[in-house]
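S.K.: The structure's right below; bear with me while I get my questions together.
The values are calculated or read from the model by the stated rules, or taken from the named source; none is laboratory data. For clarity, every value in this text was computed on a predicted model and none was experimentally measured. Cβ placement follows ideal geometry from the backbone for every residue including glycine, while neighbour counts extend to all protein chains displayed.
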Amino acid sequence: MVRGAADVDVVVVGAGQAGLSSAYHLARAGIGHVVLDHAPRPGGAWQFRWPSLTYGKVHGMHALPGMELTGADPLRPSSAVIGEYFAAYEERFGLRVRRPVDVAAVRDGGDGRLRVETSAGIWSARALINATGTWDRPFWPRYPGQETFRGRQLHTANYPGPQEFAGSRVVVVGGGTSAVQHLLEIAEVAAETTWVTRRPPVFRDGGFGEAEGREVVALVDERVRRGLPPQSVVSVTGLPLNEAVRAGLASGVLDRQPMFDRITATGVAWAGGRQVEADVILWATGFRAAIEHLAPLHLRETGGGIRVEGTRAVRDERVHLVGYGPSASTIGANRAGGAAVREIRRLLARGTESTDPAPADGTDDAHEPAAAPSA
């Protein structure tokens, strides 16, 4: 027991798709837990998405376990649609999420327990499910001269929508889906747009089925098993070649340029002498896993990532990461929540010398939900 701390079997950190899925399975298994979320309201990272990302533009949103998302208006902002869905889900299954709560550190508390230090107090837990995602750690590359730029620099994490770029010259940096979405809508109002990426983008023509999904999961899983940071899914799957992207390619909006070498006071420049004037540089350069609070446990490998088997951190069996690496997709997060709870039940049973069999409706995946409507 950790002195001065509230005891609980499991602490879940984060109440996005992965955290709510985990809480659902914990509740079904009858395992005492608390869910801590630093966001001000339900919705996970979705609540912070830009207003022009309507639900109809969302790529691959899957329902949470046990409750479908139906009848959503594809023209409404995804932040509103999914925020309301998550709130209804919490209410339906009695998932009493504590928010806003910031988790500062997770330490070994002694006696086999974990000490979870937060802005709302300290919890002593027998296991922890980390479901913090990536939204809180936007990746900002650094280039020579960046501090001299007199225009505006911003990241996808604080992208306000296209209206603020009217009449501006905008450089969009990044080769992912967000970069493409930003470009296509900014180009309609901006004076000029320029797209730059480190590598030539690869566009995927055709469907993305179960076989392709398994291949992606296997590749990402191999990285986390080796203790490397998870890789961008788009770097494996390529960019979907839909109607809007085809139009952008035809119009020249998606005419990709190689990465510039430096930033000037008034734009960007390449080694060969080419320069592009810009009022705004928009960094659509992705995110990194938000796992700094786990640093006291020394879970990272020399490769920079946390080595994971399934969802369990190899260096500490009490810690599970869901929505990390191969489970970063919405359907992957659902499955990972159930898998983490199954392992935690075994861990808790060893600690209490329990011989009771698992209830038939415990944490199996027999009721894996179908995909919700998506674009």
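S.K.: Which of the residues belonging to the range 274-323 are under 30 Å from P162 (Cα atoms) and assigned to a loop (DSSP other than H, G, I, E, B)?
M.R.: R274, A278, D279, A284, T285, G286, R288, A289, A290, G323
S.K.: Under 9 Å between Cβ atoms, at least 6 apart or on separate chains: pull out the pairs that start in the range 259-285 with a residue that is free of Cβ contacts under 8 Å to residues at least 12 places away in the same chain and in the same structural domain as V170 (by TED's automatic domain parsing) and end on any residue that is surrounded by 19 or more Cβ atoms within 10 Å (Cβ to Cβ) and small (G, A, S).
M.R.: Listed pairs, sorted by first residue: Q275/G267.
S.K.: From the list A187, A125, A166, which residue is within 17 Å of R256 (Cβ to Cβ), of a type in the set (A, V, I, L, M) and either surrounded by 18 or more Cβ atoms within 10 Å (Cβ to Cβ) or not assigned by TED's automatic domain parsing to the domain that holds I31 (or both)?
M.R.: A187 is the lone residue from the list that is within 17 Å of R256 (Cβ to Cβ), of a type in the set (A, V, I, L, M) and either surrounded by 18 or more Cβ atoms within 10 Å (Cβ to Cβ) or not assigned by TED's automatic domain parsing to the domain that holds I31 (or both).
S.K.: Would you point out which residue out of R113, R107, R152, R96 is in the same structural domain as T264 (by TED's automatic domain parsing) and of a type outside the set (F, W, Y)?
M.R.: Just one listed residue meets the conditions, R152.
S.K.: Among the listed residues P326, P359, which satisfies the condition of being buried (at least 17 other Cβ atoms within 10 Å of the Cβ) and either under 23 Å from S22 (Cα atoms) or modelled with pLDDT of 95 or more (or both)?
M.R.: P326
S.K.: Enumerate the strands (runs of 3 or more DSSP E) found wholly within the range 34-150, keeping only those where 3 or more residues are free of Cβ contacts under 8 Å to residues at least 40 places away in the same chain.
M.R.: Per the criteria, no element qualifies.
S.K.: From the list A39, A63, A15, A80, which one is modelled with pLDDT under 90 and within 19 Å of the chain's Cα centre (by Cα)?
M.R.: The unique qualifying residue is A63.
S.K.: Hey, among Q153, Q181, which residue is among the polar types (S, T, N, Q) and at pLDDT 95 or above?
M.R.: That would be Q153, the only listed residue that is among the polar types (S, T, N, Q) and at pLDDT 95 or above.
A quick yes/no check of all residues on (1) within 21 Å of A290 (Cβ to Cβ); (2) in contact with a helix residue (DSSP H, G or I) (Cβ under 9 Å, 6 or more places away or on another chain):
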position	(1), (2)
R49	yes, yes
T54	no, yes
V58	no, yes
P65	no, yes
T70	no, no
L75	no, yes
E84	no, no
R98	yes, no
